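Everything below concerns the one structure shown next.
The values are calculated or read from the model by the stated rules, or taken from the named source; none is laboratory data. Treat the numbers as computed from the prediction; the structure is a model and nothing was measured. FYI the Cβ positions are ideal-geometry reconstructions off the backbone, even for glycines, and counts take in every protein chain you see. Just so you know, the surface numbers come from the protein's heavy atoms only, side chains and all, with ligands and any DNA or RNA stripped out. Shrake-Rupley method; radii C 1.70, N 1.55, O 1.52, S 1.80 Å.
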Amino acid sequence: MKTNQTFTIIKPDAVSNGHTGAILSKIAEAGFRFKALKMTRLSQTAAEAFYAVHNERPFFNNLVSFMASGPIVVAVLEKDNAVDDFRTLIGTTDPEAAAEGTIRKSFASSVGENAIHGSDSDENAVIEIAFHFTESEQF
Ligand code: IDP
Ligand code: MG
């Protein structure tokens, strides 16, 4: 298992608001190396599959339609302690509660449209990386 890797999505709100470059800079400045990077778009079906773990939650339909609403940027990131350090960098799910200087505090507008995703465990990082990237797309 690749315990030094995590997976991120710059979500449709942040891409459409023009924050892609600033967010990628913050990630690089925090010491993460880019192992894979692309702009793409999720179909409704792909968004449902990616967030299947949340399909009983009341916000599931809104989450899926939001995530399929426009282009996203997906990346594989590498650093010691990648999963935990990246969750610290992005901040809490609700940007109102996020610490100053975190990506969600700086760029997110609401708990639903919160600018960025980060894997929550090494195990999920491996699953999420494989969902979005083939082996040959990873460097
Ligand atoms: P996380 O992204 O911080 O890991 P999760 O609880 O895994 O948060 O939720 C996944 C995503 O679902 C969140 O990033 C957010 O976009 C959305 N979400 C979570 N909780 C709520 C909520 O209470 N209302 C609306 N959307 C939510
Ligand atoms: Mg999560």
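Separation between the V53 and N17 pseudo-spin-labels, each 7 Å from Cα along Cα→Cβ, expressed in nm?
Here the modelled spin labels are 2.4 nm apart.
Can you count the Lys pairs in the chain whose Cα atoms are under 13 Å apart, with each pair 8 or more apart or on different chains?
5
With every protein chain kept in place and ligands, DNA and RNA left out, what is the accessible area per residue of the stretch 1-83? Probe 1.4 Å, answer in Å².
Per-residue accessible area for the stretch 1-83 comes out at 49 Å².
Pick from H54, H19, H117 the residue whose mean-square fluctuation is largest in a GNM of the chain, springs joining Cα atoms under 10 Å.
Top of the fluctuation ranking is H54.
Ignoring trypsin sites (Lys or Arg not before Pro) that are buried or in helix or strand per DSSP, and keeping those with at most 15 other beta carbon atoms within 10 Å, what is the longest stretch of the chain between them?
Segment 42-139 is the longest.
Computing the accessible area with a 1.4 Å probe over protein heavy atoms, can you report the carbon and sulfur percentage for the chain?
Of the solvent-accessible surface of the chain, carbon and sulfur hold 50 percent.
In the stretch 59-112, which chymotrypsin sites (Phe, Trp or Tyr not before Pro) are in a loop and have at most 13 other Cβ atoms within 10 Å, using DSSP for the loop call?
F59
Can you report the principal axis dimensions of the stretch 27-139 using only the alpha carbons, biggest first, rounded to whole angstrom?
Principal-axis extents of the stretch 27-139 (Cα, largest first): 36, 35, 24 Å.
State the extension gain, in nm to one decimal, for the chain segment bounded by T40 and S110, taking 0.36 nm per residue of separation less the distance between their alpha-carbons.
Here the answer is 22.9 nm.
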